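FYI, it's all coordinate maths here, none of it is from the lab. Worth saying up front: this structure is predicted, and the values here are computed from it rather than measured. Cβ: placed from backbone, ideal geometry, glycine included. Neighbour counts: every protein chain shown.
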Amino acid sequence: MTDTANRILWTVIGVLLLAVGVVLLLVNLGRFTPFSVDTPLLSSEVVDLWNRADPWNLGVVIVIGLVLLGLGLWLFTRQFRLRVRPSMSNIQTRGEDPVRWRTHINSSAVVGALERDLTDGRRVANARVIMTGKSPHPEAWVRLDLAPGVVLSDVRDRVEESLDRFATTTGIRPEKLDVTVRLSRRSASRVR
């Protein structure tokens with residue numbers, strides 16, 4: 001699941017919980033017309049069903065609670081996971097006849113160069129790049145730590161310029177790009 005999909009999932013969960021809370025508050029205040037303030041929360045049929053399932057009712061509630069707890073923990077760990085994917089393969093090029101040559105470039109060096117290019121010290125305090133897949137068109141995840149007061153359009157332009165330089169230099173253009181931006185806890189550097 002990408003960071004974007006994770007953010008969408010948490011937004012949907014938040015909106016649903018907010019809607020349920022607003023409806024329950026309106027019912028409690030008597031503003032929700034289908035229900036009056038004196039309407040019981042559980043109908044007599046539900047209470048009868050609960051009483052008929054007397055030896056099993058508590059166990060069923062515990063199992064449902066454990067399933068919801070497991071789902072919540074899974075979502076929580078997905079929020080703070082580290083990406084563990086195979087990194088982009090190293091780049092190998094070979095020369096043709098009459099001159100035979102071979103170049104081997106470590107993928108971590110290429111990714112490190114992109115990280116240094118994205119970091120300028122004033123707007124982008126730190127950059128972390130993860131690339132996976134095959135070298136001509138890998139997938140890239142970029143996390144940028146921004147200095148306070150930075151305009152996001154300037155950062156977008158910086159990312160596009162860095163990716164253009166990266167593609168010109170290495171011949172690699174990420175097919176899929178996921179950029180996460182957050183505020184840096186460090187203040188911007190005053191020394192240039």
Mind running the shape call on region 2-80? Use the C-alpha gyration tensor, a ≥ b ≥ c as the square roots of the eigenvalues: rounded below 1.5 for a/c, prolate if a/b tops b/c, oblate otherwise.
oblate
Amide H to amide H under 5 Å from Thr180: which residues, 5+ apart in sequence or cross-chain, H placed 1.01 Å off N in plane?
Val142, Arg143, Leu144
Quick check on packing: order 138-151, 18-31 by the mean number of other C-beta atoms within 10 Å, highest mean leading.
138-151, 18-31
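So, by mean Cβ neighbours within 10 angstrom, what's the order for 66-73, 156-163, 113-120 with the highest one leading?
Averaged packing, sorted descending, gives the order 113-120, 156-163, 66-73.
Give me D for region 102-183 in µm² s⁻¹, whole number, from Stokes-Einstein with Rh from the Kirkwood sum over alpha-carbon pairs, 10 °C and 1.306 mPa s.
Numbers: Rh = 13.0 Å.
This corresponds to a translational diffusion coefficient of 122 µm²/s.
When the dipole is taken about the Cα centre of region 102-183, and only Lys, Arg (+1) and Asp, Glu (-1) are charged at their Cβ, what size is it in debye, to the nearest 20? Present the calculation step by step, with values, prior to reporting the outcome.
On the way: 13 positive and 12 negative charges, 43 e Å.
With only Lys, Arg, Asp and Glu charged at Cβ, the dipole is about 200 debye.
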Residue separation between Thr39 and Arg128 times 0.36 nm, minus their alpha-carbon distance, gives in nm 26.5 nm
Using amide H atoms built 1.01 Å from N in the peptide plane, name the residues 5+ places from Asn126, or on other chains, whose amide H lies under 5 Å from its own.
Asp145
